[in-house]
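The values are calculated or read from the model by the stated rules, or taken from the named source; none is laboratory data. Remember, it's a predicted structure, so these values are computed and weren't measured experimentally. All Cβ positions, glycine included, derive from the backbone under ideal geometry; neighbour counts span all protein chains shown. Areas reflect the complete protein model, heavy atoms only, side chains present, ligands, DNA and RNA absent. Shrake-Rupley method; radii C 1.70, N 1.55, O 1.52, S 1.80 Å.
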Amino acid sequence: GVQIKKTKKIKKTIVLLSVIACLVIGGIAAFYADKEAKTNVFTVGSVSIDLVEPNWDEDNIKDGMMPNETVPKDPYVINNGLNDAFIYMSVIVPYKDMQIQDMTGAITDVEDHEVFAYETNGDWVLVESVKDETNEVMKHIYAYVGDDDSTLETLAPNGTTPTIFDEIQFANVASDQGLEGTELDVIVNAYAIQTE
C-alpha cells in the first residue's frame, strides 16, 4: 500500500511538473512570439532662401558708370524653407588706389579706396570686414537684426528681410586712372542658418 501511494504521488508530481513546464514554455513561446511596433514620422527640416534684387537692371550700366553715379540695387532675402533661419549677407566690393575728387574740385590721393559705396539699412549690422589683397576686394559680412540692432532676428518661413541697401554709387573718381572701360564686380551673397 505504501509503495503504490508513493508511485501515485510521484506520477502526480511528474504530471504537475509537466503541466507547469508546458505553461512556462508556452508563456515563453508566447513572450517571444509577441510583437508590437510604433512608427513615428519625423519631418526633416529645410533651410532654403532666395536672394532677389527687383530693381536691379543691368541696362542701367551697359554704357558704363560715370563718377559719382548712383544706380538702383536692392538685395533682400526670402525664406522659402520650412524652418526659421538667421540671415547673413556678404557684399564684396573692389578697391583701388585712386584719386577722389570732392564737390569743390579738389583731388585727393586715396589708397585702397572702395570703388563703389552703399548705405546699409538699419535692419542690418556689420559683423566683419575682410580685406583680400590678392583679389583687391573688401568682403563685408552683415547680419539681419531687424529693429533691434544688438540681437539676430529670425526670418520665418515665407518671410522676407528688408533690403540691405537700395542703391549703389560709383566713386567720384578723377579721370585718367585706368578705370575707364574696365569691368568691376560687386558680389552679394546670402546665407541662412537654421535657428534650432
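When TYR191, TYR95 are compared by accessible area at a 1.4 angstrom probe, the order from most to least is TYR191, TYR95. When you count the other C-beta atoms within 10 angstrom of each residue and take the mean per peptide, 46-54, 164-172 line up highest first as 164-172, 46-54.
Here the accessible area of segment 37-146 is 48 percent carbon and sulfur, with a 1.4 angstrom probe and all protein chains present. Each of ILE107 and ILE61 was given a label point 7 Å from its Cα along the Cα-to-Cβ line. The distance between the two points is 2.5 nm. Measuring how big segment 94-157 is from its alpha-carbon positions, Rg and Dmax come out at 16.1, 51 Å. Farthest toward the positive end of the dipole of segment 146-196, out of ILE164, ALA174, ALA192, is the Cα of ALA192, where the dipole comes from beta carbon charges about the Cα centre. What translational diffusion coefficient, in µm²/s and rounded to a whole number, does the Stokes-Einstein relation yield for segment 58-196 at 37 °C and a viscosity of 0.692 mPa s, taking the hydrodynamic radius as the Kirkwood radius over Cα pairs? The estimated diffusion coefficient comes to 198 µm²/s. Averaged over residues, the count of other Cβ atoms within 10 Å places the peptides 145-157, 56-68 in the sequence 145-157, 56-68, highest first.
Packing, as the average of other Cβ atoms within 10 Å across residues, places the peptides 112-125, 73-86 in the order 73-86, 112-125, highest first.
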